[in-house]
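Right, one structure below, let's go through it.
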Amino acid sequence: MTSDNTQMTTPDFLVAIPARYAASRLPGKPLRLIGGQPMVLHVAQRALAAGAQQVWVATDDARIAEALQGSGVQVAMTSPDHASGTDRLAECAQIAGWSDDAIVVNLQGDEPFAPADGIAYVARTVADSGAGIATLAAEIADIDTLLDPNAVKVVRASNGDALYFSRAPIPYPRDAFARDRSVMPQGQWLRHIGIYGYRVSALRAFAALPAGVLERTESLEQLRALEAGWRIAVALAPSVFPPGVDTAEDLARAERIFMQQHSRGARD
């Protein structure tokens, strides 16, 4: 059973960060600077702060590998032809020689402010739940997020396992929406946070699965596992995950956040 108790013991875990150079909306995204450092280095530092035994960056570009020299992070040079970050991680697992029972957290390369306790909590949830895959969610507090198809929603069973992920507002508040779709209905709605923990055996098996109808319909990779009958444990995030960096505007916002944090740290 998945617990939302943040006091449970953290198991040994690895972090792998997929970092593709040719991002469509922000080319060269992993090497874009925040506070004078490449974004991928900020992400790796968050993983190290979370207590990961090893941090790997799985990339397809030598420039990213060069930017990480001397950082304490290991680099796996992977194929440029992978369709997803999960596929890239599966190749990283092969290159690194991880054992099947190891726990690895897939931390997106555009999350420079991912909270360290949230990264560790995904690994804890894998160990505590017994599921091969785990992820996080946060409560939705506003109607715009509930209705936004870019904010993925998740519904959990009573044991914490995912029942379904969707871009639609689920569960659908029929009576409340019949009255007014501009007001946040009463109840609990959860937004999926795109960080995953895997047993390495599950990571390898997942990457080998063909995409299913649900995944193709909603463009959500995690539905491949649910359609295959797999468990995905979902825990409530212990800290807020700030938005990732997808655009030039996001990058400018990240720079402002970094400067604010640096300013506060200097005063303290």
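Return a whole-number percent for the relative contact order of segment 18-60, with Cα pairs under 8 Å and 6 or more residues apart as the contact set.
40 percent
Going by average Cβ neighbours within 10 Å, how do the peptides 142-152, 234-244 rank, with the highest at the top?
The densest-packed peptide leads the list: 234-244, 142-152.
Using a cut-off of 10 Å between beta-carbons, work out the net charge of the residues near VAL200 (Lys and Arg +1, Asp and Glu -1, VAL200 not included).
Working: positive: ARG199, ARG204; negative: ASP100, ASP101.
Result for the neighbourhood of VAL200: 0.
Convert each backbone phi in segment 167-179 into a coupling constant with the Karplus relation 6.51 cos²θ - 1.76 cosθ + 1.60 (shift: θ = phi - 60°), then list the ³J(HN,Hα) values in order as whole Hz, x for Gly and Pro.
7, 7, x, 10, x, 7, x, 4, 5, 5, 6, 5, 7
Provide the per residue accessible area, probe 1.4 Å, for the chain, rounded to a whole number of square angstrom.
Accessible area per residue, the chain: 46 Å².
Starting from the Cα gyration tensor of segment 171-268, take the square roots of the eigenvalues, sort them a ≥ b ≥ c, and report rounded, prolate or oblate (rounded when a/c is under 1.5, otherwise prolate if a/b is larger than b/c, else oblate).
Cα axes put segment 171-268 in the oblate bin.
FRET efficiency for VAL155 and ALA22, Cβ-Cβ distance as r, R0 = 35 Å, nearest 0.05?
Result of the calculation: an efficiency of 0.50.
In nm, to one decimal, how far is the modelled label at ALA211 from the one at GLN261, with both set 7 Å along Cα→Cβ?
Between ALA211 and GLN261, the label points sit 3.3 nm apart.
Carbon and sulfur together cover what percent of the accessible area of the chain at a 1.4 Å probe radius?
Summing carbon and sulfur atoms, their accessible area is 49 percent of the total for the chain.
As a check on your grasp of the helix formula, calculate [θ] at 222 nm for the chain: sum -39500 (n - 2.57) over DSSP H runs of n ≥ 4, divide by the residue count, round to the nearest 500.
Result for the chain, helices only: -10000 deg cm²/dmol.
Evaluate the relative contact order of segment 28-170 (contact order divided by residue number), counting alpha-carbon pairs under 8 angstrom at least 6 apart; express in whole percent.
Dividing the mean separation by the residue count of segment 28-170 yields 19 percent.
Using alpha-carbon pairs under 8 Å, 6+ residues apart, how would you state the relative contact order of the chain in percent?
Relative contact order for the chain comes out at 24 percent.
Specify whether the C-alpha gyration tensor of segment 23-104 places it in the rounded, prolate or oblate class, a ≥ b ≥ c being the square roots of the eigenvalues: rounded for a/c under 1.5, otherwise prolate if a/b is larger than b/c and oblate if not.
Oblate.
The values are calculated or read from the model by the stated rules, or taken from the named source; none is laboratory data. Just so it is clear, the model here is predicted, and its values are computed rather than measured. Please note: Cβ atoms are built from the backbone with ideal geometry, for glycine as well, and neighbour counts cover all protein chains shown. Ligands, DNA and RNA are excluded from the accessible area calculation, which covers all protein heavy atoms including side chains. Shrake-Rupley method; radii C 1.70, N 1.55, O 1.52, S 1.80 Å.
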